[in-house]
1. Below 23 Å, Cα to Cα, which lysines can LYS214 reach? Residues fewer than 8 away in the same chain don't count.
2. Taking the Cα centre of the chain as origin, sum charge times position over the Cβ atoms of Lys and Arg (+1) and Asp and Glu (-1), and report the length of that vector in debye to the nearest 20.
3. Distance between Cα centroids, the stretch 41-66 to the stretch 82-107: provide it in whole Å.
4. I'd like to compare 108-117, 191-200: which one has the highest average count of other Cβ atoms within 10 Å, and what's the full order after that?
5. Of the residues ALA53, ALA74, ALA165, which exhibits the maximal mean-square fluctuation in a Gaussian network model of the chain defined by a 10 Å Cα contact cut-off?
6. Largest first and to the nearest Å, give the Cα extent of the chain along each principal axis.
7. Tell me, what HN-Hα J-couplings in whole Hz come from the Karplus equation 6.51 cos²θ - 1.76 cosθ + 1.60 at θ = phi - 60° for each residue of the stretch 51-59, using x for Gly and Pro?
8. Across the stretch 79-88, in residue order, what do the Karplus-derived ³J(HN,Hα) couplings come to in whole Hz, using 6.51 cos²θ - 1.76 cosθ + 1.60 with θ = phi - 60° and x for Gly and Pro?
Amino acid sequence: MTKNILLCCILAVACAVAVASDPAPLQDFCVADLNSQVLVNGFACLDPKLVTADNFSLSGLDMPGNVSNPQGSAITPATVGQIPGLNTLGISLVRIDYAPWGVVSPHTHPRASEILVVIEGTLLVGFVTSNPDNKLITKVLQKGDVFVFPEGLIHFQQNVGYGNAFSFSGLSSQNPGVVLVPDTVFGSTPQIATDVLAKAFQVDKAIVDQIEAKF
């Protein structure tokens, strides 16, 4: 009897682990009601009777983004915020434009892996594995090349050509999120204590103050 109970417990745990992932949609679609006050993991569904083709489409990804900024890059998203029909589907897209030598700062997507394809230009891309190895995996990509960034790992892109470049990235979440490392570390509100950052980066406090002043 005890063995049977133990076996049932093991099977129950195994089944729970097997289904511990994002749930599949239980209907044809769940167009996000971006104005709903209902708080759920994602967005509440719009009444299907009100859904139109516009809820599943977006125009403008053929237009370059404005790269006249200190980073020299621009992100044009096509996530659930722009295409409500992506709600519960687990995918999204972004266009990334780069000025010559422009960069997308080291960052992570906490909820998505990313697959990038270069449409125009030459990009240096890479990601860093987690502790303790912290190994840099990097490659120079040409037009038509594809690169994958695993979920949650810090990664970056830089245009290493002399002309403008752009790429498209597919992401495995309707809302992948982005954590820009410099902004997060030095531009938080309120700021992380200078003593903490000086100790972490092994630099003088004055250097931390100078960096924080730029955010």
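1. Cα-Cα hits under 23 Å: LYS199, LYS205.
2. Here the size comes out at about 420 debye.
3. 15 Å
4. With the highest mean Cβ count within 10 Å placed first, the list reads 108-117, 191-200.
5. Looking only at ALA53, ALA74, ALA165, the biggest GNM fluctuation is shown by ALA53.
6. Projected onto its principal axes, the Cα set of the chain covers 66, 50, 37 Å.
7. 6, 10, 4, 5, 5, 10, 9, 8, 10
8. Result, rounded to whole Hz: 10, 4, x, 9, 10, x, x, 6, 3, 6.
A short reminder: the numbers here are calculations on the coordinates, not readings from a lab. Fair warning: this is a prediction, and the values are worked out from it, not measured in the lab. When we count neighbours, we look across all protein chains shown, and the Cβ atoms used for this are built from the backbone with ideal geometry, even at glycine.
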